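Here's the structure we're looking at; comments come further down.
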Amino acid sequence: MANPSDTGPSGIGTEVLRRVEFNGLNNTTQTVLTVGTDMIVTLLSIIITNITGTANTAHIHIARDGSGNNTIYNGNTAGDLPADSTFVFSEKVVLVETDVLKVQSNSINFDVWVSYIEQEFA
């Protein structure tokens, strides 16, 4: 349910809890979320589950203004996510318009669940 606010930078806006998920993320970099115009997103948690029987590696990136990658979690060790395990990134991170959240895996069987607050300013 939206939570109206009259203190936004350009008038009345909304604040909504949202989530996005991907099942069976493959061996690639997946764009999870792109922040729209007049939006602010506060990440609440990113849950990555390795649903394979072998250890794999995951990375979480933010492309500031849609370009480049700033890594906020670097699973740089092969097998940092053991077989049938879950990693929870619960640091609060603020994204602004045109920022892009990406998850990268070296597996064909990762599930990703992202919970966030989306604030829109009308």
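For the condition under 25 Å from D99 (Cβ atoms) and more than 16 Å from the chain's Cα centre (by Cα), L81 qualifies.
The number of residues in segment 1-21 that are at pLDDT 90 or above and either in contact with a Pro (Cβ under 6 Å, 6 or more places away or on another chain) or surrounded by 15 or more Cβ atoms within 10 Å (Cβ to Cβ) (or both) comes to 1.
Yes or no, residue by residue, for (1) part of a loop (DSSP other than H, G, I, E, B); (2) surrounded by 13 or more Cβ atoms within 10 Å (Cβ to Cβ):
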position: G36; (1), (2): yes, no
position: S45; (1), (2): no, yes
position: T49; (1), (2): no, yes
position: T52; (1), (2): yes, yes
position: I60; (1), (2): no, yes
position: K102; (1), (2): no, yes
position: S107; (1), (2): yes, yes
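Per-residue answers, yes or no, for (1) modelled with pLDDT under 95; (2) of a type in the set (A, V, I, L, M, F, W, C); (3) within 21 Å of E21 (Cβ to Cβ); (4) out of contact with any Pro (no Cβ under 7 Å at 6 or more places or on another chain):
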residue: S45; (1), (2), (3), (4): no, no, yes, yes
residue: H61; (1), (2), (3), (4): yes, no, yes, yes
residue: Y73; (1), (2), (3), (4): yes, no, yes, yes
residue: V103; (1), (2), (3), (4): yes, yes, yes, yes
residue: S115; (1), (2), (3), (4): no, no, yes, yes
residue: E120; (1), (2), (3), (4): yes, no, no, yes
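Can you pull out every residue in segment 62-90 that is assigned to a strand (DSSP E or B), β-branched (V, I, T) and without any contact (Cβ under 8 Å) to a residue 24 or more places away in the chain? Across segment 62-90, the qualifying residues are T71, I72.
The values are calculated or read from the model by the stated rules, or taken from the named source; none is laboratory data. The structure displayed is predicted, hence computed values, not measured ones. Cβ atoms come from the backbone with ideal geometry, glycine included; neighbour counts cover every protein chain shown.
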